[in-house]
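Trainee: Shown below is the structure under consideration.
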Amino acid sequence: MSIPRHGRAALLAAAAVGVVVAASVAVIGTADAASTLGASAAQTGRYFGAAIPASKLGDATFSRILTTEFNSVTPENEMKWDATEPSQNNFNYTNGDRILNQGISMGAKVRGHALLWYQQEPGWAQSMSGSALRSAMMNHVTKVATHYKGKIYAWDVVNEAFADGGSGARRDSNLQRTGNDWIEAAFKAARAADPNAKLCYNDYNTDGVNAKSTGVYNMVKDFKARGVPIDCVGFQSHLGTSIPGDYQSNLKRFADLGVDVQITELDVAQGGNQANIYSTVTKACLAVSRCTGITVWGIRDSDSWRTGENPLLFDNSGNKKAAYTAVLNALNSGGTTTPPTTPPTTPPTSTPTTPPTTPPTDNPGTGACSASVTLNSWNGGYVASVKVTAGSAPVNGWTVSLGLPSGSAVTSAWSATNSGTTGTVSFRNVSYNGSLAAGGTTEFGFQGTGAGPTATPTCAAG
């Protein structure tokens, strides 16, 4: 899931793209080319990138690893709707341009993330609906894609539009309620604004063959059949301590539709299997000829949104972990142009059904309901995703209460209504997500200024 992070002046002419490509190719032939992630991936025609926040570019250790190891960058929040259009039709590209400049200076590909997402909408868009919102959405896509025309390798045009669970259906959101054709309308607008960028759909919990990934698959198949412009599908791959056994075959079935596949937000919970899972993902991408690259969501464990899970390739001090070595070795094993018939080596057997989150505070089998929070923070603000889980009996209505630190204030919320904005804030379900089956889950989110909440939330049913 793009856990709300994922939520931010044209600089060079399109000719710069050629310079970037030439620079990337030039590095491959050096004597130590296979000793870094980006150079090793480039040997197989792929990229190995990192999602980065503009706020970390002044960190010497962070910047050293970024410029040494990676040949692609993705902005964490700096190109999202709330960052680029804070008030209607008034655009701010300052931090997005910082990420773009960083990528250009490295000779790296730049992935744009994300044009439309039901979370991290600016407050003015959250209050809109119907044709007014549709018009604002299309204007946003057009203006932002036009600003970066010729400079972005691939755009996540639409992010996380499918619901979790077994339905394979679209997620309910104010974007979806503008009409079921909103996704294809966004892709068409992006293509018109920047004909050369790869246009991707991006989602989480789609790593194996399941109802959600099949829902996305059916949409992509339909788009290809009707000529709707779509070039790639992004698989976030926020993995726990296991990986779906059909990970590679799932990538291949999408590639067989005639689209590229990309691993867009990879991180893996630390444990005895972390290095093996990273290796399995890398080998799966190498085995599918249309898997064009891998992006990890952050660089050091201390940069990760998954606090305490140490899910990245470098430790807090910037030292390479065993997972790093496993990925580098896998990249240096080379890729194929025709996917092999055998699966990646030693895939774990269990399949996660939900993206990893901070563990709930109550056992969902014994309490009326419980809640857990995942944070994506940047300097001066944050977005919180809250997962609500029913206990051993169905829940008809819920309220989650959460204490905010001093100086923190809620500025907007989605899929819940909030009472208060500072101190202890309560969030009440809305009409479509209050009823949960026993053990069932739903999610809501909110954005705020200042530091994000660290207190444990409480959940009351009814």
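The values are calculated or read from the model by the stated rules, or taken from the named source; none is laboratory data. These figures come from a predicted structure and were not determined experimentally. So basically every Cβ, Gly included, is an ideal-geometry build from the backbone, and we count neighbours across all protein chains shown. With ligands, DNA and RNA removed, areas are computed over all heavy atoms of the protein, side chains included. Shrake-Rupley method; radii C 1.70, N 1.55, O 1.52, S 1.80 Å.
Trainee: Report, ordered by the first and then the second residue, all pairs with beta carbons closer than 6 Å, sequence separation of six or more or different chains, a first member in segment 273-295 that is closer than 12 Å to Arg46 by Cβ, and a second member that is basic (Lys, Arg) and part of a helix (DSSP H, G or I).
Mentor: If the second residue must be basic (Lys, Arg) and part of a helix (DSSP H, G or I), the pairs left are Val288/Lys252.
Trainee: Read through the list (1) under 29 Å from Lys56 (Cβ atoms); (2) at pLDDT 90 or above, then give the number of the only condition that Arg428 fails.
Mentor: The number of the failed condition is (1).
Trainee: While we're on this one: Please work out if Met128 is part of a loop (DSSP other than H, G, I, E, B) and open to solvent by 10 Å² or more (accessible area, probe 1.4 Å).
Mentor: yes
Trainee: Would you pick out the residues in segment 301-324 that are under 11 Å from Asp267 (Cα atoms) and not aromatic (Phe, Trp, Tyr)?
Mentor: Passing the criteria: Asp301, Ser304, Arg306, Glu309, Asn310, Pro311, Leu312, Leu313, Ala323.
Trainee: Related question: When you scan segment 402-443, how many residues do you find that are open to solvent by less than 60 Å² (accessible area, probe 1.4 Å) and not in a strand (DSSP E or B)?
Mentor: 14
Trainee: Counting residues that are surrounded by fewer than 19 Cβ atoms within 10 Å (Cβ to Cβ) and either more than 15 Å from the chain's Cα centre (by Cα) or of a type outside the set (Gly, Ala, Ser) (or both), which strands (runs of 3 or more DSSP E) fully inside segment 152-255 reach at least 3?
Mentor: none
Trainee: Tell me which residues, restricted to segment 284-317, are touching a strand residue (DSSP E or B) at 6+ places or on another chain (Cβ under 7 Å), part of a loop (DSSP other than H, G, I, E, B), open to solvent by 10 Å² or more (accessible area, probe 1.4 Å) and more than 21 Å from Ile243 (Cβ to Cβ).
Mentor: Of everything in segment 284-317, those that are touching a strand residue (DSSP E or B) at 6+ places or on another chain (Cβ under 7 Å), part of a loop (DSSP other than H, G, I, E, B), open to solvent by 10 Å² or more (accessible area, probe 1.4 Å) and more than 21 Å from Ile243 (Cβ to Cβ) turn out to be Asp315, Asn316.
Trainee: Has segment 260-283 got at least one residue that is β-branched (Val, Ile, Thr) and open to solvent by 40 Å² or more (accessible area, probe 1.4 Å)?
Mentor: no
Trainee: For segment 35-57, name all the residues that are open to solvent by 10 Å² or more (accessible area, probe 1.4 Å), of a type outside the set (S, T, N, Q) and farther than 14 Å from Ile299 by Cβ.
Mentor: Passing the criteria: Ala39, Ala42, Gly45, Arg46.
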